[in-house]
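Every number here is computed from the coordinates shown, using simple stated rules; none is lab data. Please read these numbers as outputs of a predicted model, since none were measured by experiment. With ideal geometry, Cβ positions are generated from the backbone for all residues, glycine too; neighbour counts draw on all protein chains shown.
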Amino acid sequence: MPERILQVATDMSAQANEKITEIKAVTRATRTLALNALIEAARAGDVGRGFGVVANEVKDISQRVTVITEELEKMFLDLAFDLERTAQTARGDRFADLARYAVELMDRNLYERSCDVRWWATDAAVVDACEKGKDVTVAERASERLGVILDSYTVYLDLWVADCDGNVIANGRPDQYRLKGVNIADQNWFQDALRCGDGGQYAVADVTRNRQLGDAATPVYATAVRKGGAVNGNVIGVMGVFFDWENQAPMIVKSLNFNDEERGRTRVMLVDAHNRILAASDDQGVLSEKFDLKINDPAIGSYLLDDKSLVAYALTPGYETYQGLGWRGVIVQAPKPSS
């Protein structure tokens, strides 16, 4: 609907300008005729006096039409401007809401990841692996259990369990990702997970490429594994889950309901707190570029670029206990080509 209003405003302005130009041309011609008539009346003397009176009236009417035309022109310009501004505001609001929907949809997805890691950290096989980390059989059993989980939860690249020193004990895809002897003690998410105060807390790392996972892009959700799986048990290890970002995120930014014509000139993105592009519907610039986002209202807003492209954005509202990472949904739509 905003696009339709905008088109109507543009068409109305164009048609009004066309008709007003025609009226101006007619009034100019009328004034010229009236002036010529006055000249001829003056030459005719007394005989042309009556004709001169009529010519003066025509000239006055032409001047009045000119004034009315100028008033109409201003009125149409103001009306078209108001309609265009109203339509642009409505369009900006619509796209900002869509941007918010995109980032909220992703955060609802990631909220579940924060729940998964806290749940699976209490799994008996995971707890046993941390309590008896040097027992190869126990570690293999934990890997098998993690593999079973991965078979049902296809949104993950891998699941890891490490001891308190950062040595990886088990992972769900040992044939694909060989982590024997790998130490992750220097990774921030591991250190943050060790500091979790109880089983209800978790740590999260923003999207980055992971060398151990074939350089795949992934955010990490982690929490401490506790003795006996108890909420307040002593920390005996860490569990981390690795979200399959490169396969899951594009589905979010490509899922918005645009028609074929709109989709061709619309780019949907997720950007992090530093405007780094995390996902894009055109697959361009992901994790390698920043988007030059001009933020007025930090929460939500829209604006036009010099080429009349619309930019709309919205900050994540978070979901349930997941506050998000300061990401924004961003939509850029180029203007519709003139026919």
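The table for this structure:
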item: Where only alpha carbons of segment 78-183 are counted, the Rg and the Dmax (Å); result: 23.4, 80
item: Footprinting exposure proxy for 190, 291, 95 (fewest neighbouring C-beta atoms within 10 Å first); result: 291, 190, 95
item: Zone residues, segment 210-227, relative to residue 254, backbone N less than 17 Å from point 7 Å out along Cα-to-Cβ; result: 217
item: Cα pair distances exceeding 24 angstrom across segment 245-339, given as percent; result: 20
item: Gap separating the Cα centres of segment 120-164 and segment 232-248, nearest whole Å; result: 10
item: Under the Debye formula (equal points on every Cα, no solvent term), log10 I(q)/I(0) of segment 123-208 at q = 0.11, 0.12, 0.14 Å⁻¹; result: -0.29, -0.35, -0.49
item: For segment 249-333: relative contact order, % (alpha-carbon pairs under 8 angstrom, 6 or more apart); result: 28
item: Surface/4 estimate of mean projected area, convex hull on alpha-carbon atoms of segment 166-314, nm²; result: 11.9
item: 3J(HN,Hα) from dihedral phi, segment 172-177, Karplus parametrisation 6.51/-1.76/1.60, rounded to Hz, x for glycine, proline; result: x, 10, x, 6, 8, 10
item: Farthest positive-ward along segment 179-235 dipole, Cα basis, beta-carbon charges - from 204, 194, 182; result: 182
item: Sorted by Cβ density within 10 Å, fewest first, the residues 115, 130; result: 115, 130
item: Amide H within-cut-off set for residue 282, under 5 Å, with H built and near neighbours excluded; result: 268
item: Flagged links, alpha-carbon separation over 19 Å, of 254/308; 132/180; 132/227; 294/336; 134/227; result: 254/308; 294/336
item: For segment 153-162, 3J(HN,Hα) per residue [Karplus equation, 6.51 cos²θ - 1.76 cosθ + 1.60, θ = phi - 60°, Hz, x = Gly/Pro]; result: 10, 7, 8, 10, 7, 6, 10, 10, 10, 10
item: Within segment 249-333: Cβ-based charge dipole about Cα centre, in debye rounded to nearest 20 (Lys, Arg +1; Asp, Glu -1); result: 100
item: Between segment 303-339 and segment 280-299, the alpha-carbon center distance in angstrom; result: 8
item: Built amide H within the under 5 Å cut-off of residue 203, gap 5+; result: 222, 223
item: Exposure proxy order (Cβ contacts within 10 Å, fewest to most) of 182, 136; result: 136, 182
